[in-house]
1. Relative contact order (percent) for the chain, with alpha-carbon contacts under 8 angstrom and 6 or more residues of separation?
2. With a cut-off of 8 Å between alpha carbons and a minimum separation of six or more residues, what is the relative contact order of the range 114-157 in percent?
3. Which listed residue (M137, F68, C103) has the Cα farthest towards the positive end of the charge dipole for the chain, taking +1 on Lys and Arg C-beta and -1 on Asp and Glu C-beta about the Cα centre?
4. With only alpha-carbon pairs counted, each pair once and no self-pairs, how large is the Kirkwood hydrodynamic radius of the range 1-73 in angstroms?
5. Using a basic spin-label model with each label point 7 Å from the Cα along Cα→Cβ, how many nm lie between F125 and D87?
6. Return the carbon/sulfur percentage of the accessible area of the range 28-119, one whole number, probe 1.4 Å, all protein chains in place.
7. Tally the DSSP beta bridges in the chain and give the antiparallel ones as a percent, rounded to 5.
8. Taking a probe of 1.4 Å, how large is the accessible area per residue of the range 33-111, in Å²?
Amino acid sequence: MQKITPNLWFDTEAEEAANFYLSVFEDSRIVSVTHYNEAVPEKAGTVVTVEWEVAGQRFVGINGGPQFKFDEAVSFQINCADQAEIDYYWEKLAADGGKEGQCGWVTDKYGLCWQVTPTGLEELFGDEHPERARRAMKAMLKMGKLDIAALRAAADG
């Protein structure tokens, strides 16, 4: 069992969101679903929590009502091996009402923020040659979806 599990607050769509994430990420599954009981008569029988797993990482979604919304203060980073993987996650997460952001950030249709980044990005920004790092950072700040080839070309000058 993992020590820390992200618990995500939804209005009423926790199960729908979990199924969406399962459709986006391979190696994922629903772990459990719990329902409100008669202790909450107006919600008895409806889903209260859903636990799912993506690549070994567990998440819990709770249908807690409309009081709280996601914002950019918390995001999940997806480390992508290549441009095809970046393109895949960007397209899937931005679909059906998601919102493309800057610098590799995308907000999905449930309002959850993701950073879709290439593996090795930190190496570009931490390059021992400060000018290479500056050029790469400057290029990234102009991008929505990250383009690995363009970032490397910018770093190379």
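The values are calculated or read from the model by the stated rules, or taken from the named source; none is laboratory data. Computed from a predicted structure; not experimentally measured. Using ideal geometry, Cβ is built from the backbone for each residue, glycine included, and neighbour counts are taken over all protein chains shown. Ligands, DNA and RNA are excluded from the accessible area calculation, which covers all protein heavy atoms including side chains. Shrake-Rupley method; radii C 1.70, N 1.55, O 1.52, S 1.80 Å.
1. It comes to 18 percent, rounded to a whole number.
2. Reported relative contact order: 40 percent.
3. Checking the options against the dipole of the chain, the answer is M137.
4. Numbers: mean 1/r = 0.0777 Å⁻¹.
Final number for the Kirkwood radius of the range 1-73 is 12.9 Å.
5. Here the answer is 2.5 nm between the modelled labels.
6. Details: 2540 of 4980 Å².
Carbon-and-sulfur percentage of accessible area, whole number: 51.
7. Among the beta bridges of the chain, antiparallel pairing accounts for roughly 65 percent.
8. Result: 57 Å² per residue.
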